[in-house]
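The values are calculated or read from the model by the stated rules, or taken from the named source; none is laboratory data. Bear in mind the structure is a predicted one, so any value in this text is a computation, not a measurement. Neighbour counts are summed over all protein chains in view; Cβ atoms, including those assigned to glycine, are modelled from backbone coordinates with ideal geometry. We work out accessible area using only protein heavy atoms, side chains counted, and drop any ligands, DNA or RNA first. Shrake-Rupley method; radii C 1.70, N 1.55, O 1.52, S 1.80 Å.
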Amino acid sequence: MPTPSAQLAAFAAHLRFEHLPQAVVRKTEDLLVDWFGSAVAGHGSRPVASIARFAQVMGAGQGAAEAIVSRTSNSPYWAAMANAAASHVAEQDDVHNGSVFHPATVVFPAAVAVAQAMGASGRDLLTASVAGYEVGIRVGEFLGRSHYKVFHTTGTAGTLAAAAAVGHLLKLDAQQMLHALGSAGTQAAGLWEFLRTAADSKQLHTAHAAAAGLMAAYLAQDGFTGAAQILEGPQGMAAGMSSDADPAKLVDGLGTRWATAETSFKYHASCRHTHPAADALLQVMQQHRLQPGDLAGVVTHVHQGAIDVLGPVVRPVTVHQSKFSMGTVLALVAQFGHAGLAEFDQHFLSDATQALRDKVTMQLDAEVDGAYPRRWIGKVTVTTTDGRVLHGRVDEPKGDPGNTLSRDEITAKALRLAAFSGGATATEMQQAVDRLWHVAQWPRVGRLLGADT
């Protein structure tokens, strides 16, 4: 019987566009457009600019792959690195609940860069991207909650996701794909410690994952070998990075359960752990017609993962760090009805925001924790200044598959992201998004901004 790693590799190698249900194709198109908006939103970000400059210097600006934020061309390796950093900084990229993994920011940068360099078709790109999503999500689920407590799963599982996507474009066979996953897994990295000091590491995690996964796939094509059981082996990823790993999750429903279609979009521009509580607070405020001044205290009833990731951020000092502050996110939602890029940029340290922020606490909730990570339930208890105690609950936050974004909403979100960052004009962005909605018909993948498809 093949090992779980071998089964996963064979699935990624053998997947074909004809195997994909139409709903999965459509969802992958949605995810691609959503990712593109986040990539453009990285324009002007200091850590993204630093990584993009590094990529440009090291890559010498040669190649057919597009570095979106700098409007330059490069080799696939360096373009993937720049675009992966760019698409994770605005905190608007997608997330898969069960794996606590952001697939788009590692899969699409690698897949798009290689597709552009190869002149692959839009269908090839979509199929490879699904391979990356399916592999990365299952690896994240396999590594479990204990892994996420210390490791940033997008940086770890994301390395294998990128390898699977690129390996599929390179037409690796099952054995070569297994080698690619082995080489990717041995490079997997990303630790949460950066949150305590507002360091720039989160962008490095995605940049490294996309580039390292891409390298692993190209090396496998050239005959380079990797560990055959990098995931479940006695000295593999689970052994070193998890205490609750479940190998059965690596092959859960391969070819029948499409984890890609389970992926959620982000509505608020913050860590996804804040979204359920933010939506629940908004529900209470709308139902009871509350104003920010009516809030005396807000208790958010959360899962342990939220406490692990958000707990270290007590007094955020940067815009990005504030997106991991439950109090800041809820303060912005209370004031503006939405925690978007402009709200964070202009108000995350305002007196009103700080006053509201300090009224918010997190409390571990058995029901919420028991449902996590498969379901991210939002529950809040609000105490008003006139002594009322009000409760809010949201079972599917905005953006989840059961409460998803329409294509019009995805388009509008992408246009907002571009307008905020200045990474593209309104006309450029609208034209790019319009083209991307027809990616399955592209005979070859060219540039996304000023595209030549």
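Annotations for the structure displayed:
- Here Gln176, Gln92 are screened, and the one residue that is more than 19 Å from Asp246 (Cα to Cα), of a type in the set (S, T, N, Q) and surrounded by fewer than 24 Cβ atoms within 10 Å (Cβ to Cβ) is Gln176.
- Within the range 306-331, the set of residues being in contact with a strand residue (DSSP E or B) (Cβ under 8 Å, 6 or more places away or on another chain) and crowded, with 21+ Cβ neighbours inside 10 Å comprises Ala306, Leu310, Met326, Gly327, Leu330, Ala331.
- Exclusive hit being over 22 Å from Ala269 (Cβ atoms) and either outside any helix (DSSP H, G or I) or without any contact (Cβ under 8 Å) to a residue 60 or more places away in the chain (or both), set Gly61, Gly44: Gly61
- The range 62-87, subset of a type outside the set (S, T, N, Q) and open to solvent by 30 Å² or more (accessible area, probe 1.4 Å), residue nearest to Phe420 (Cα to Cα): Arg71
- Taken over the range 258-280, the residue count meeting the criterion of being open to solvent by 40 Å² or more (accessible area, probe 1.4 Å) and assigned to a loop (DSSP other than H, G, I, E, B) is 1.
- Gln283 touching a residue at least 12 places away in the same chain (Cβ under 8 Å), open to solvent by 40 Å² or more (accessible area, probe 1.4 Å) and not in a loop (DSSP other than H, G, I, E, B): yes
- Residue match in the range 27-37 (condition: closer than 20 Å to Asp345 by Cα and assigned to a helix (DSSP H, G or I)): yes
- Looking across the range 163-200, the residues that are farther than 27 Å from Thr127 by Cβ and either touching a residue at least 40 places away in the same chain (Cβ under 8 Å) or acidic (Asp, Glu) (or both) come down to Leu191, Trp192, Glu193, Leu195, Arg196, Ala198, Asp200.
- Residue within the range 240-254 that is touching a His at 6+ places or on another chain (Cβ under 8 Å) and part of a helix (DSSP H, G or I) present: yes
- Only a single criterion out of (1) touching a helix residue (DSSP H, G or I) at 6+ places or on another chain (Cβ under 6 Å); (2) open to solvent by less than 10 Å² (accessible area, probe 1.4 Å) is not satisfied by Gly44, namely (2).
- Residues within the range 375-409 that are assigned to a strand (DSSP E or B) and free of Cβ contacts under 8 Å to residues at least 60 places away in the same chain, tallied: 1
- When each of Arg393, Arg435 is tested for being farther than 23 Å from Val130 by Cβ and surrounded by 15 or more Cβ atoms within 10 Å (Cβ to Cβ), the lone residue that passes is Arg393.
- Residue count for the range 149-158, restricted to those that are touching a Ser or Thr at 6+ places or on another chain (Cβ under 9 Å) and assigned to a helix (DSSP H, G or I): 5
- Residue check for Ala331: in contact (Cβ under 8 Å) with a residue 12 or more places away in the chain, part of a helix (DSSP H, G or I) and out of contact with any Phe, Trp or Tyr (no Cβ under 8 Å at 6 or more places or on another chain): yes
- The listed residue being outside any helix (DSSP H, G or I), out of contact with any Leu (no Cβ under 9 Å at 6 or more places or on another chain) and over 29 Å from Glu141 (Cα atoms), out of Ala296, Ala352: Ala296
- Filtered residues of the range 357-376 (kept if closer than 18 Å to Ser325 by Cα and either open to solvent by 20 Å² or more (accessible area, probe 1.4 Å) or within 21 Å of the chain's Cα centre (by Cα) (or both)): Asp358, Lys359, Val360, Thr361, Met362, Gln363, Leu364, Trp376
- Any pair with Cβ under 6 angstrom, 6 or more apart, that starts in the range 427-453 at a residue that is at pLDDT below 95 and ends at one that is assigned to a loop (DSSP other than H, G, I, E, B) and surrounded by fewer than 17 Cβ atoms within 10 Å (Cβ to Cβ): Asp452/Gly446; Thr453/Gly446
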